Ligand SMILES: NC(=O)c1ccc[n+]([C@@H]2O[C@H](COP(=O)([O-])OP(=O)(O)OC[C@H]3O[C@@H](n4cnc5c(N)ncnc54)[C@H](O)[C@@H]3O)[C@@H](O)[C@H]2O)c1
């Protein structure tokens, strides 16, 4: 039996041991699915507190069902460690580490690189490695392949298998989870694609699309997220123009949505947030420059989206001005600092920039978010206060920056002086006289 047949057999009869590097929003759900599918799974993370939590069966990711984690940990199907020498015992490993931007908005690929180096040290014949982190087209072949072949002396496609398969997790989505979201797989060579696709077919319930190369899979992920980024940019620009023209942008979108083809609704807001949509397009922007190309649409959309937190301040100025109040010295109560509704993730959240901008203007800002009791931004610690009648009443302006479903919007409307709703969260509230919508 050759190496490919051997790994395929292990995958298909579930004797393969699988590893996941990075136990965050992407890696923990994937680890649980692999363990649930019947694979002995080892999760690797550099954060000891996450390793400890997993080993104790304590869930910290909203999309993971507590009982599922508890079950796979108790049954011994999932364990976690910070010791990368366990890679020796692993047949297939997925890399799910962060891919942020540095201060110059350039890709920070250091987490992927260090994971690759950790794997390379223990890479062995017959192994499959899949990169799931979002990145620029070329990362799998230019970075991973080079590190693996150089360090191990093994040859990809002959001695081991390597693929890119982008994660598409949408935190808080009640319909689509890791298990039922279609997956794209692009391997370095046909055998790598076949082996990687076989693993996903055994773990997931969804369609597996086999791309002809890792570059195609890397680029399609960037396309998905750039598509969202640019369309949100368009919705934000529409909001700005509509306000100037005295038109309700939300109604405009509802009307446009009635077209059954050729239009998909995107909504304006206080800016872009999360670890994906605001960042991923810049991975392409950076890479495109190598090919003497400037990604104009991405830059333009970035300009509009990045302006939104400041636009919120400008609109707030105008609202307070109507009340004969200066922003300087006013009390501003922010509702929701998560980057989107019903999640506890505030990475890149525009609400943090809104708060910073308000404070810069001399406003006294406090916030409430049931999912984020405290957060640190630029070394400053912020703590959530209660959503009480008194706190609402004491604010000169209440600004809604995340549309959490647990908020009692009638209660908020009743007890606030004025509300600036940047998410159209109050659309179903019966009385609207003290509400201004973005
Ligand atoms: N969060 C999402 O909604 C989402 C959706 C689709 C794709 N992605 C992509 O998936 C990747 C991971 O994102 P995430 O949200 O899960 O990040 P995360 O920060 O939640 O988790 C990443 C984990 O990797 C660990 N880590 C960092 N370096 C490591 C190393 N060298 N070895 C082992 N562990 C290491 C961190 O401690 C952390 O626990 C990113 O590329 C992101 O763009 C994220």
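Odds and ends about this structure:
- Computed over the stretch 3-222: relative contact order in percent, which uses C-alpha pairs under 8 Å that are six or more apart: 19 percent
- Most simply put, the stretch 245-437 has about 20% antiparallel DSSP beta bridges, counting only bridges with both residues inside it.
- Ordering of 299-309, 255-265, 215-225, 274-284 by burial proxy (mean other Cβ atoms within 10 Å per residue, highest first): 274-284, 215-225, 299-309, 255-265
- Rounded to the nearest 10 degrees, the angle from helix 214-245 to the longest Cα principal axis of the chain is 0 degrees.
- Estimated FRET transfer efficiency when R0 is 60 angstrom, pair residue 251-residue 6 (beta carbons, to 0.05): 0.50
- Extension reserve of the residue 361-residue 106 stretch, reckoned as 0.36 nm per residue once the Cα distance is removed: 88.8 nm
- Relative contact order for the stretch 320-438, counting Cα pairs under 8 Å that sit 6 or more residues apart, in percent: 26 percent
- Global form of the stretch 3-222, assessed from the alpha-carbon gyration tensor, a/c cut-off 1.5: rounded
- The modelled label-to-label distance for the pair residue 46/residue 83, using points 7 Å beyond Cα in the direction of Cβ, is 2.0 nm.
- Here the stretch 3-222 carries DSSP beta bridges of which approximately 10% are antiparallel, counting only pairs with both residues inside.
- Part-to-part distance (alpha-carbon centres) for the stretch 307-325 and the stretch 111-130, which is given in Å: 51 Å
- Point-to-point label distance, residue 113-residue 58, nm (Cα→Cβ direction, 7 Å offset): 3.4 nm
- Whole-Å distance, taken between Cα centres, linking the stretch 340-395 and the stretch 194-244: 30 Å
- Exposure proxy ranking for 184, 32, based on other Cβ atoms within 10 angstrom of each Cβ and starting from the fewest, stands as 184, 32.
- FRET E, pair residue 381, residue 223, Förster distance 30 Å, beta-carbon r, rounded to 0.05: 0.20
- Helix 296-322 vs. the chain, principal-axis angle (Cα, 0 to 90°, nearest 10): 30 degrees
- Each of residue 410 and residue 341 was given a label point 7 Å from its Cα along the Cα-to-Cβ line. The distance between the two points is 1.8 nm.
- From the C-alpha gyration tensor of the chain, square roots of 5λ in Å: 44, 23, 19
- Between the C-alpha center of the stretch 155-187 and that of the stretch 35-105 there is a gap of 16 Å.
- Beta-bridge orientation, the chain: approximately 15 percent antiparallel, per DSSP, counting only bridges with both partners inside.
- Against the chain, whose longest principal axis is taken from its Cα atoms, helix 110-122 shows a tilt of about 20°.
- Considering helices alone, the calculated mean residue ellipticity of the chain at 222 nm is -12500 deg cm²/dmol, with DSSP H runs of length four and up weighted by -39500 (n - 2.57) and normalised per residue.
- Computed on the chain, with alpha-carbon pairs under 8 angstrom and 6+ residues apart, the relative contact order is 10 percent.
- For the peptides 18-26, 189-197, 204-212, residues were scored by their other Cβ atoms within 10 Å and the scores averaged per peptide; the highest-first order is 18-26, 189-197, 204-212.
Computed from the coordinates by the stated procedures, all read-outs in this text should not be read as laboratory data. Since we're looking at a predicted model, the values are computed, not measured. Cβ: placed from backbone, ideal geometry, glycine included. Neighbour counts: every protein chain shown.
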